[in-house]
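The values are calculated or read from the model by the stated rules, or taken from the named source; none is laboratory data. Because the structure is a prediction, the values reported are computed rather than measured. Cβ coordinates were reconstructed from backbone atoms using ideal geometry, including for glycine residues, and neighbour counts include every protein chain displayed. Note: accessible area is taken over every heavy atom of the protein model, side chains too, but ligands, DNA and RNA are not part of it. Shrake-Rupley method; radii C 1.70, N 1.55, O 1.52, S 1.80 Å.
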Amino acid sequence: SADAQALPIFARKYKTSCQTCHVAYPKLAPFGEAFRRNNYHFPDGRDEDFVKIEDVALGAEGYKKVFPRSVWPGAIPGQIGLAAVAIGRLTGAAGGDAKLNFAGAGGEVQLTAAGTLGDSVSLWAGIILQSNLTPENETINLILHRVFLNYSLFEKHSLILRAGRIEPSLFSFSSHRGLFAAYRFLNSMVLDNHFMLEPSQLGIEATGTLFHRLGYAIGVVEGGGNEVTAPKDVYGGVRYKFGGLALDGSQPKKNAELLSNPAPWRERSVTLGAFGYRGVARLKDATTEAFNDDRFLIAGGDLNAILGDFNLMGVFTFQRNESPKIALPSKPVHTVNGMVQLDWVALPWLIPMLRYEVQRAG
């Protein structure tokens, strides 16, 4: 799974520190999570009070009163919403011929565009340029990371439609907003079924926050990793946050206090979630042309607890695949995944992590 990075685009728009929303790039602090859930607008309906670079209006407000007999007066960002991140890696190989490998020192550039288009619409688009160095030549791969449009149907962002290349919002955390290596349970396959929840899937999702602390998501997607099938994959998830800043950012502190908080990652809260995913994958052997449809179900729950400088995350998933092996189409497989991770903000620039993941199949 490709890494995602924080965007200085919003730091410019509000003229505030990146740490207002992030523990460290790209992990979100509680306020940053509320900002994301509010369609990239400041929580509590006070976005206009904090914007320093105004959007460019594309028509008079009066056009709204005569719509659809006029063009809806939209808006575009008042700045170029583009960010670039360069990633370099230096690797060493131990053993008989110990050596350094500089092939990945300048091997990846990520370009991301994001911004709000008025009060109701936001856009996120990201591509990755990746260099592959071989003894014969060097090639450049272009990867479409995630591209989606958000449309908020209500002022409080209780119902937001996301369409495009998205990652399903099943959990309170994801590899795209994590500090370390991708989570195994989001990027593992079962035998011949190449399906993975991440890095992204094509489809549409309805998401939002109700009663300040109850989050939900319902989606219909193509699925990932296999041939496109006629029946689409469907999923849904709910989560509730106890304590701390509400999911929509409405309580308990005012935005001004949150902006001046020197340690925005600190609070005392527990978020509990439950989810389910139902999909079908067409498995095909390129040599023999044999194929079968593997119907599968994923269900489970997750926990995200923040206790001051510590963040404890955990997830349990149960997956049942009806026929994930082309050669044995009638044999189902059951897979159990578990993950526990503890992050500690020892210093704002020093965050050690301990993670344990287990997978059992039978």
So, of the residues in region 63-85 that are over 30 Å from the mean Cα position of the chain (by Cα) and farther than 22 Å from GLU48 by Cβ, which turns out to be most open to solvent (accessible area, probe 1.4 Å)? ARG69
Among (1) in contact with an Asp or Glu (Cβ under 6 Å, 6 or more places away or on another chain); (2) crowded, with 18+ Cβ neighbours inside 10 Å, the one test that ASP302 misses: (1)
Among residues of region 215-250 being open to solvent by 40 Å² or more (accessible area, probe 1.4 Å) and closer than 18 Å to ALA29 by Cα, the residue nearest to the chain's Cα centre (by Cα) is TYR240
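Would you confirm, using the coordinates I've provided, whether ASP293 is surrounded by 14 or more Cβ atoms within 10 Å (Cβ to Cβ) and over 28 Å from LYS232 (Cα atoms)? Step through it out loud before you land on a result.
Working: surrounded by 14 or more Cβ atoms within 10 Å (Cβ to Cβ): yes; over 28 Å from LYS232 (Cα atoms): no.
No, not satisfied.
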Between residues in region 74-88 that are farther than 19 Å from SER120 by Cα and residues that are modelled with pLDDT of 80 or more and not in a strand (DSSP E or B), which pairs lie under 6 Å by C-beta distance while being six or more apart or on different chains? ALA83/ILE9
Give me the pairs, please: first residue somewhere in region 244-256 and of a type in the set (D, E, K, R), second residue anywhere and modelled with pLDDT of 65 or more and open to solvent by 20 Å² or more (accessible area, probe 1.4 Å), beta-carbon distance under 6 Å, and either six or more positions apart or on two chains. ASP248/HIS212
Check whether at least one residue in region 309-328 is open to solvent by less than 20 Å² (accessible area, probe 1.4 Å) and not in a strand (DSSP E or B), and report yes or no. yes
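Every residue, every condition in (1) at pLDDT below 95; (2) out of contact with any helix residue (DSSP H, G or I) (no Cβ under 7 Å at 6 or more places or on another chain); (3) among the aliphatic types (A, V, I, L, M), yes or no:
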site: ALA286; (1), (2), (3): yes, yes, yes
site: LEU297; (1), (2), (3): no, yes, yes
site: PHE310; (1), (2), (3): no, yes, no
site: LYS325; (1), (2), (3): yes, yes, no
site: LEU328; (1), (2), (3): yes, yes, yes
site: HIS334; (1), (2), (3): no, yes, no
Are there any pairs with C-beta distances below 6 angstrom linking a residue in region 138-155 that is part of a strand (DSSP E or B) to a residue that is among the aromatic types (Phe, Trp, Tyr), with the two at least 6 apart or on different chains, and if so which? PHE148/TRP124
Taking region 337-360 as the region of interest, how many residues are open to solvent by 60 Å² or more (accessible area, probe 1.4 Å), farther than 15 Å from PHE316 by Cβ and assigned to a strand (DSSP E or B)? 6
Filter result for the condition that a residue is modelled with pLDDT under 95, polar (S, T, N, Q) and farther than 22 Å from VAL336 by Cα, over SER269, SER260: SER260
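Tally the residues that are open to solvent by less than 80 Å² (accessible area, probe 1.4 Å) and modelled with pLDDT of 95 or more, restricting the search to region 275-284. Break it down stepwise before answering.
So the first thing to find is which residues in region 275-284 are open to solvent by less than 80 Å² (accessible area, probe 1.4 Å), and the list is 275-277, 279-281, 283.
If we keep only those that are modelled with pLDDT of 95 or more as well, we get 275-277.
So the count comes out to 3.
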Region 337-362 residues that are closer than 30 Å to PRO324 by Cα, paired with ones that are of a type in the set (Phe, Trp, Tyr) and open to solvent by less than 70 Å² (accessible area, probe 1.4 Å) (beta carbon under 7 Å, 6 or more apart): ASN337/PHE185; MET339/TYR183; MET339/PHE185; GLU357/PHE185
